[in-house]
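I have placed the structure first, in the form of C-alpha cells, so that the comments after it can refer back to it.
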Amino acid sequence: MFELNQLRCFVAVAEELHFGRAAQRLNLTQPPLSRQIQILERILDVVLLSRTSRAVHLTPAGRRFLAEARRILRLSEEAAATARRIAAGQAGSLTIGFTAASAYRTLPDLVRTARARLPEADILLKEMVSAAQAEALGAQRLDVGLMRPPLPPVADRSLRVARETLMAALPGDHHLARGDAVTAAALAAEPFIMYAPDEARYFHDLATELFAREGLSPRFVQHLAQIHTILSLVGSGLGLALVPDSARALQVKGVVLRPLATPPPRPVELFMVWRESNDNPLIPIVAELAAGGAVSPGTISAR
C-alpha cells in the first residue's frame with residue numbers, strides 16, 4: 001500500500017510538472033523525490049508521469065489519480081485536525097441526561113453557554129428520571145447527568161450546579177396569594193397536591209420533611225410526579241403545592257409563587273454527575289461552564 005508521503009510527492013510533481021521545483025517545494029533533493037514517485041508507480045503498477053529530458057507530463061492515469069490523491073490528502077488532513085480538536089475538547093459529542101425540572105432553568109443556561117463555547121461539539125440531550133440516568137451512566141449511554149440527590153455510586157464525580165428553595169404555589173385568586181409569605185400550617189389547612197413517592201421521591205421527601213417538622217398532616221388530594229402538571233392543577237383550583245423556585249420559568253397562567261415563612265429543612269439541589277473513568281475531553285469543559293467559571297479541585301466531589 002502506498003504512503004501519504006508518496007502521494008504528497010506525486011501531487012507536488014504533478015502540479016509543478018518539474019522535479020526540481022517540486023523538490024524545492026517539499027524541501028527535498030531531487031533523487032529521493034524521484035525514488036518516491038518510482039515506488040508509487042511500482043506499487044500501483046501504473047505509469048503516472050511521462051518524463052523526457054525537457055518536460056514532465058501526466059499520463060491519463062496520472063490525471064485521474066491526481067484528483068484521488070488530492071482527495072486522500074485532504075481527508076487525512078481533516079481527520080488529523082478533527083482528532084486534535086476532539087483531544088483539545090473543541091469538538092466531539094457529549095450526551096447529557098436531565099430531569100424534567102432541570103430544564104426550567106439550569107439546562108437551558110448550560111446548553112446556551114456550551115453552544116457558545118463549543119460551537120463544533122454535538123450536545124445530545126436525553127430526558128430521564130434520576131434512576132434511569134444512573135443506569136445509563138453505568139452502561140455508558142450518558143456522559144453526564146443532571147440529577148437530584150441521593151447520588152448513585154456509579155456517579156463517582158459530582159458538581160452541585162443549582163441550589164434553590166421551595167416555594168408555595170397558589171391559585172392567583174387564593175387569599176394566601178395576597179400575602180408576602182406562607183406558613184406551613186396555612187398550606188396544611190388547604191387541599192394539597194403532593195408529589196408521588198415512587199416517581200418524584202426527592203420532592204416528596206422535601207415536602208414531607210417540611211410538614212413533619214411542624215407536626216402537620218396536610219390533606220393530600222392528588223399524588224403527581226411532574227411539576228408542570230402540578231402547577232396546572234394548582235391553577236385550576238384543585239389545591240396548593242410546593243415547587244422549586246425555578247418553576248417560575250413555566251409562567252403557568254393563574255398561578256402565583258410565594259416564599260415560605262419558615263425555610264424548608266433542606267434546599268432543593270441539582271448536581272452534575274459523571275464517571276471518573278469517562279475520558280471524554282468535553283466533560284471538564286462543560287463542568288467548568290456549569291460551575292460558572294474555573295472549577296477548583298474542591299468543587300468536584302469524589303464519591
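If the condition is being of a type in the set (Ser, Thr, Tyr) and more than 12 Å from LEU270 (Cβ to Cβ), then the range 94-120 contributes THR95, THR113. Among the residues of the range 13-46, write down those that are among the β-branched types (Val, Ile, Thr) and surrounded by 13 or more Cβ atoms within 10 Å (Cβ to Cβ). Scanning the range 13-46 gives VAL13, ILE37, ILE39, VAL46. Of all residues in the range 213-239, those being part of a loop (DSSP other than H, G, I, E, B), crowded, with 16+ Cβ neighbours inside 10 Å and among the small types (Gly, Ala, Ser) number 2.
Scan the range 267-281 residue by residue and report those that are more than 19 Å from VAL154 (Cβ to Cβ) and either modelled with pLDDT under 90 or part of a helix (DSSP H, G or I) (or both). Selection gives PRO281 alone. Here the condition is being touching a helix residue (DSSP H, G or I) at 6+ places or on another chain (Cβ under 6 Å), within 14 Å of ALA169 (Cβ to Cβ) and part of a helix (DSSP H, G or I); of LEU242, LEU210, it holds for LEU210 alone.
Across the range 1-12, the qualifying residues are those that are surrounded by 14 or more Cβ atoms within 10 Å (Cβ to Cβ) and touching a residue at least 60 places away in the same chain (Cβ under 8 Å), and the one among them that is farthest from the chain's Cα centre (by Cα) is VAL11. Being surrounded by fewer than 19 Cβ atoms within 10 Å (Cβ to Cβ) and closer than 17 Å to VAL273 by Cβ holds for only one residue in ALA134, ALA114, ALA139, ALA162, and it is ALA139.
Of the residues ALA67, ALA101, ALA87, ALA121, which single one is loosely packed, with under 11 Cβ neighbours inside 10 Å and either in contact with a strand residue (DSSP E or B) (Cβ under 9 Å, 6 or more places away or on another chain) or not acidic (Asp, Glu) (or both)? Just a single option satisfies the conditions, and that option is ALA67.
The values are calculated or read from the model by the stated rules, or taken from the named source; none is laboratory data. Computed from a predicted model, the values in this text were never measured in an experiment. Using ideal geometry, Cβ is built from the backbone for each residue, glycine included, and neighbour counts are taken over all protein chains shown.
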